[in-house]
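Following: one structure in structure tokens, then a few remarks.
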Amino acid sequence: MDLRQLLELLTVLIPLPPFLAFALIVLFFNRWKRLSHSVAIGAMALSFLMAQFVFWTVVGWGGEALYEHPIAVSIPWLPSADVALEMGVFVDPLTAVTLFFVSITCLAIFIYSVGYMHGDPRYSRFFAYISLFATGMLGLTVSDNLLMLFIFWEIMGLCSYLLIGFWFEKPSAYRAAIKAFLTTRIGDVIMLIGIAYLYTQTGTLSFDAILRNEEVLHELAITPSVIPTLSVAAAVGLLIFAGTVGKSAQFPLHVWLPDAMEGPTPVSAMIHAATMVSAGVYLVVRMFPLLSVGLEHAAGTPPMVAMAVIGTFSAVFAATIAVAQNDIKRVLAYSTISQLAYMVAALGIGAYIAAAFHLVTHAFFKALLFLGSGSVIIGSHHEQDMMKMGGLAKRMPVTFWTFLIGGLALSGFPIITAGFWSKDEILAHAWAHNPTVFWALAAGALLTAFYTMRQICLTFLGEPRSHHAEHAHETPWVMTGPLVVLALFALFFGFVGIPEDFPVLGEVGKGLFHGNWFHHFVGATIGKAPKAPPFDPVPVSLSVGAALLGLLVGWLVYGRRPLAEGQTDPLVRWLGPVHTILRNKYYIDEFYHLVFVRPTIWLAKVAYEWIDLGLIDGILHGLARLSEVWGIVSRWVHRYIIDGGMVDGSAKLVGAIGREFRQALQTGQVQHYLISVLFFLCTFALLYLLYLGVTP
Amino acid sequence: MMIPLSWYLILAAALFCIGTYGVLARRNAIAILMGVELMLNAVILNLLAFWRYGEPTTAVGQAFAAFVYAVAAAEVAVGLALVVVIYRSRRTTDMDQITLLKW
């Protein structure tokens, strides 16, 4: 077996171990907690090793070689009329990078869960679910066609639902689970329509056959679709982007993600920050050749315009909400929406490498932040309200320092954090292509830095503002270990993507990674990496300025004079009614409740009370009543006419006659019988004599 | 001069009728048994008469008669035993009150 065959085999096998772990735990190991987590982590570690082996091997080949000869295997799966849908794996540079960060974050979070879920009554079940989830994410990553991708996409949706509602005793948890499931379902259905439409047009769903084939793309771009003014490519792109809007929680389908924080924190970290929501962005990065086809003739294709608008809006919108939240996990949830929106906006302006780069760095630092918040929650005895924390830096040093690193990466603190490099690349593209997007995203960056600093100050600095925070303790090594590992990535991963013409550091990047490694490697996903925009000091200094200004303001407001116990947030005073609106998330939940939920419930009520109970049950009950009456009539006829008159009547008649005879003849006296014997003897003798005996 | 056969036969028939009447009309079980005996004796008389007028040289008629006596004696013994048993259980030998032979 040569290396290529080995890689193909390993790629096929990557999603399998977690699935086996899921099956084993569900079927056999449910009772044994240590065995369950050992199996889950062991399986994940196996997938991790295979994924890393594949990744490092293809890194050795280089992006363009991998583009020319991707790792691809497929077998016929669903034979239809004249073509068979195929099932297979496909590894190109984008897949390789995704495998890299997904396997690392998943493994870190699996290990962390041992500490976080300790003592939970459904401990084994938790590991079964996250194993199934890991199958979904790894499978989605290596899928070579849209249908398989969609199947794994839905498996993740199911796991997300199960894990958000993991503590289903809490009404808020199961409501959040249903909300997440239904909200993402809207996007998924639209996406499925898009996939089906694409299939009707091309007869295939394979990435290889569609995205890497100029002729097919061109054909799709010039064929008008059922929607006037849109080409097929644009229509399909918009429909598939709807799936991303649902999965990656972009406005207007963002409402489920903050509520999803009801789930256990490792779930928030893995599903709702690092992997599943990233899968939405991964999908649009993957489909970028289709979304952007025809770009050379116009300023932006319809799907790209939609992505730019929705992404830019969501980025700023979610960041403003995050400013006014007090729940440590909700702040992170809104920041996740905001950061995913950066990626979507980046795709909207054509910066797909920057989007992929931010996807990876964000996965690292956001997983780190969520795990850090989980550590805080465990350490301070399940307190989630930042207003009741404070002073945890001294009590939880490892958590503090790693959280600080994650927070700085999220803010885009210059040079030393990964978040800076990826965010800077997005902003640089925005500056070059679309100033409006740039200014909006820069404002978003300012807000991001501000709320991150606010969060760090409220949680870790000052004096404890509650009994729980006062008695907080550092968490065990199974939780801090993954934090440290992710913190290293959050710091240093950015160096693989230093722009080559960046002052001073560009040379360092050239020395270490032969230039902008990430740009060249991932850029090769669509053949030759596009030329990066030239280095421009204006957007860099603006983004650095925004980040530092946000951090400074956050420090001035919350860090210099830490809040005392019972003191209200100074923002409440300064912003007044605006703060109320922000705290209530622009009342969008209420709006949706009024516009969608209430009418649905009303409709269900009408359907139940009038149509079901009134109409359908009325007809059924009427029929039942009718047959009941018929039955009563039949019974009467049967009892009195048939039984009484005919059957029983004739039997009774025979009986009566027999009884009369018996009483007359059967006396029981031997002599009476003898008399009849004598009588008949004489009769027969007489007859004999008369008719036979007379003849001599 | 011999008494003609028909005289014997008439006597036997008369005896048989008397016996039959006794069996059918008497109420007392003992009397009924006595009627049965009369009927048997009528039959024996017939038998002997036919033997005397048919085959007087061989003694088969007398031998037959002797068998019938023996059987009749046994029969009476069984009959009387039955009557005694019935009397013990029902305190009567009146046939009107013994109505067991019915459904």
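The values are calculated or read from the model by the stated rules, or taken from the named source; none is laboratory data. Here the structure is a predicted model, which means the values were calculated and not measured. As a convention, Cβ positions derive from the backbone with ideal geometry for all residues, glycine included, and neighbour counts pool all protein chains shown. Remember, those area values only see protein heavy atoms, side chains included, never the ligands or the DNA or RNA. Shrake-Rupley method; radii C 1.70, N 1.55, O 1.52, S 1.80 Å.
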(request) Assess whether A:Thr301 counts as being β-branched (Val, Ile, Thr), closer than 18 Å to A:Gly348 by Cβ, over 19 Å from the mean Cα position of the chain (by Cα) and at pLDDT below 90. (result) yes
(request) Quick one: B:Gln62 ticks every box in (1) touching a residue at least 12 places away in the same chain (Cβ under 8 Å); (2) under 22 Å from B:Arg27 (Cα atoms); (3) away from chain A (no Cβ under 14 Å); (4) open to solvent by 50 Å² or more (accessible area, probe 1.4 Å) except a single one, so which number is it? (result) (2)
(request) Name, by its number, the condition in (1) within 14 Å of another protein chain (Cβ to nearest Cβ); (2) more than 30 Å from B:Val85 (Cβ to Cβ) that does not hold for B:Ala14. (result) (1)
(request) Would you check which residues across the range A:655-679 are open to solvent by 100 Å² or more (accessible area, probe 1.4 Å) and either more than 14 Å from chain B (Cβ to nearest Cβ) or over 30 Å from B:Gly79 (Cα atoms) (or both) and list them? (result) A:Arg659, A:Glu660, A:Phe661
(request) Read through the list (1) surrounded by fewer than 23 Cβ atoms within 10 Å (Cβ to Cβ); (2) in contact (Cβ under 8 Å) with a residue 40 or more places away in the chain, then give the number of the only condition that A:Glu219 fails. (result) (2)
(message) Going residue by residue through the range A:545-564, is there one that turns out to be among the charged types (D, E, K, R) and within 30 Å of A:Asn516 (Cα to Cα)?
(response) no
(request) May I ask you to list the residues in the range A:506-524 that are on the phi > 0 side of the Ramachandran plot and open to solvent by 10 Å² or more (accessible area, probe 1.4 Å)? (result) A:His514
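Identify, from the list B:Thr20, B:Thr93, the residue that is within 29 Å of A:Ile675 (Cβ to Cβ), at pLDDT below 90 and within 14 Å of chain A (Cβ to nearest Cβ).
B:Thr93
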(request) Determine, yes or no, whether A:Ala685 is within 13 Å of chain B (Cβ to nearest Cβ) and either over 23 Å from B:Gln97 (Cβ atoms) or surrounded by fewer than 10 Cβ atoms within 10 Å (Cβ to Cβ) (or both). (result) no
(message) When you scan the range A:30-39, do you find a residue that is of a type in the set (Gly, Ala, Ser), more than 25 Å from A:Met287 (Cα to Cα) and buried (at least 20 other Cβ atoms within 10 Å of the Cβ), even just one?
(response) yes
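One line per residue, one yes/no per condition, for (1) farther than 22 Å from A:Phe513 by Cα; (2) under 24 Å from the mean Cα position of the chain (by Cα); (3) of a type in the set (S, T, N, Q):
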{"position": "A:Gly60", "(1), (2), (3)": "no, no, no"}
{"position": "A:Ile71", "(1), (2), (3)": "yes, no, no"}
{"position": "A:Ser74", "(1), (2), (3)": "yes, no, yes"}
{"position": "A:Trp77", "(1), (2), (3)": "yes, no, no"}
{"position": "A:Leu85", "(1), (2), (3)": "yes, no, no"}
{"position": "A:Thr95", "(1), (2), (3)": "no, yes, yes"}
{"position": "A:Leu99", "(1), (2), (3)": "no, yes, no"}
{"position": "A:Thr105", "(1), (2), (3)": "yes, yes, yes"}
{"position": "A:Phe110", "(1), (2), (3)": "yes, yes, no"}
(request) Could you pull out the residue among A:Phe150, A:Phe90, A:Phe110 that is open to solvent by less than 10 Å² (accessible area, probe 1.4 Å), part of a helix (DSSP H, G or I) and among the hydrophobic types (A, V, I, L, M, F, W, C)? (result) A:Phe110
(message) Filter the range B:29-52 down to the residues that are in contact (Cβ under 8 Å) with a residue 60 or more places away in the chain and open to solvent by less than 30 Å² (accessible area, probe 1.4 Å) and list them by number.
(response) B:Ala29, B:Ile32
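Quick one: which helices (runs of 4 or more DSSP H) lie wholly within the range A:258-362 and hold at least 3 residues that are open to solvent by 10 Å² or more (accessible area, probe 1.4 Å) and either touching a residue at least 40 places away in the same chain (Cβ under 8 Å) or on the phi < 0 side of the Ramachandran plot (or both)? Lay out the reasoning, then the answer.
Details: elements: A:265-269, A:276-286, A:288-291, A:302-323, A:328-348.
Because the criterion is at least 3 residues that are open to solvent by 10 Å² or more (accessible area, probe 1.4 Å) and either touching a residue at least 40 places away in the same chain (Cβ under 8 Å) or on the phi < 0 side of the Ramachandran plot (or both), the helices (runs of 4 or more DSSP H) in the range A:258-362 that meet it are A:302-323.
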(message) Among the residues of the range A:641-674, what is the count of those that are modelled with pLDDT of 85 or more and more than 30 Å from B:Gly22 (Cβ to Cβ)?
(response) 11
(request) Could you tell me whether the range A:638-651 includes any residue that is open to solvent by less than 80 Å² (accessible area, probe 1.4 Å), within 11 Å of another protein chain (Cβ to nearest Cβ) and out of contact with any Asp or Glu (no Cβ under 9 Å at 6 or more places or on another chain)? (result) no
(request) Being of a type outside the set (Lys, Arg), open to solvent by less than 10 Å² (accessible area, probe 1.4 Å) and within 29 Å of A:Thr57 (Cβ to Cβ) narrows it down to one of A:Ala173, A:Ala134, so name that one. (result) A:Ala134
(request) Give the residue that is farthest from the chain's Cα centre (by Cα), with candidates limited to residues of the range A:394-448 that are of a type in the set (Ser, Thr, Tyr) and closer than 28 Å to A:Lys531 by Cα. (result) A:Thr436
(request) Output the residues belonging to the range A:180-189 that are under 12 Å from the mean Cα position of the chain (by Cα) and either over 19 Å from A:Arg598 (Cβ atoms) or open to solvent by 50 Å² or more (accessible area, probe 1.4 Å) (or both). (result) A:Ala180, A:Phe181, A:Leu182, A:Thr184, A:Arg185, A:Gly187, A:Asp188
